């Protein structure tokens, strides 16, 4: 069953995000994390895809492992960064040949060391072009059950000067054939609700799954703000810094994420997508606080 089909069942989904390991030690940690996440019976797990092909092969390896060893549907990330159109087609064909049917189509961030985003000379510029290409390649190979997700940006939409542009971009992805969206991280319920309400008013009907990040240390919270460009709330930073030990800090971060997640579900969110940092503790603690899944004994 594809993610599109899962979302059409109108039952809140549970999903996680992982990133490919870069060292043998990280490989071992990731395997343990996947086992624990699998115990919560997630609907799917997304696997990020490094810029410039830095994690291309390892991303595919994680996708294969999820599908084969853990029987969890993988959501494979694809980006437009530093790849020609032909290279992107090759990656899509490899995934399709391995039975992958769920993709997250992203423009992607600039490679490390670059401040401005620019397309490959023979590549794609926008995420909606990647959605179109996915549909074209799938059709060429006789695949008609493709499910494509895209990104949505609640914090950008919350800024008046960017509001309409955020909606226009999301509409372009829907028009190209996207089936659902997953948000960038945010911490304010009203930012999500505002995005969804405005999208619906403008005919954008994509299910929009909120991304939630349970932060377990103040250091990680500061780092997350640097990476995403989304400021971490001062209240959350204060609670993390005031914690007496690691367990208390994780509990504080999970409590914040759980409050937001419950409010999102009450507001009608179609699921919760949990950022894990390739560690299971905070993610599993969060799920135990939500009306979604329970870990198996």
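What follows is calculated from the coordinates using simple rules that are stated; it is not laboratory data. A quick note: this is a predicted structure, and the numbers were derived from the prediction, not measured. Every residue, glycine among them, receives a Cβ derived from its backbone with ideal geometry; neighbour counts consider all protein chains shown.
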Legend entry - Which of 215, 124 has the fewest Cβ neighbours within 10 Å, and the rest in rising order: 124, 215
Legend entry - Label-point gap, in nm, between residue 247 and residue 10 - each point 7 angstrom along Cα→Cβ: 4.3
Inset, instruction - Translational diffusion coefficient, Stokes-Einstein: compute it for the stretch 83-207 using the Kirkwood radius over C-alpha pairs as Rh, at 20 °C and 1.002 mPa s, and state it as an integer in µm² s⁻¹. - result: 138
Legend entry - Quotient of C-alpha Rg and 2.2 N^0.38 Å, computed over the stretch 159-221: 1.26
Inset, instruction - Could you tell me the distance between the Cα centroids of the stretch 17-51 and the stretch 220-276, to the nearest Å? - result: 20
Legend entry - Proxy reagent accessibility, fewest Cβ within 10 Å first, across 29, 276, 140: 140, 29, 276
Inset, instruction - For the stretch 128-179, just the Cα atoms, rotate onto the principal axes and tell me the three extents in Å, largest first. - result: 43, 13, 12
Inset, instruction - Report, in deg cm²/dmol and to the nearest 500, the calculated mean residue ellipticity at 222 nm for the chain, where each DSSP H run with n ≥ 4 adds -39500 (n - 2.57) and the sum is divided by the residue count. - result: -14500 deg cm²/dmol
Inset, instruction - Would you order 193, 80 from fewest to most other beta-carbon atoms within 10 Å of each residue's own beta-carbon? - result: 193, 80
Legend entry - Per-bin percent of Cα-Cα distances, the stretch 3-288 [5 Å]: 1, 5, 12, 16, 19, 19, 15, 9, 3, 1, 0, 0
Legend entry - Ellipsoid equivalent to the stretch 147-283 - semi-axes via the Cα gyration tensor, in Å: 29, 15, 13
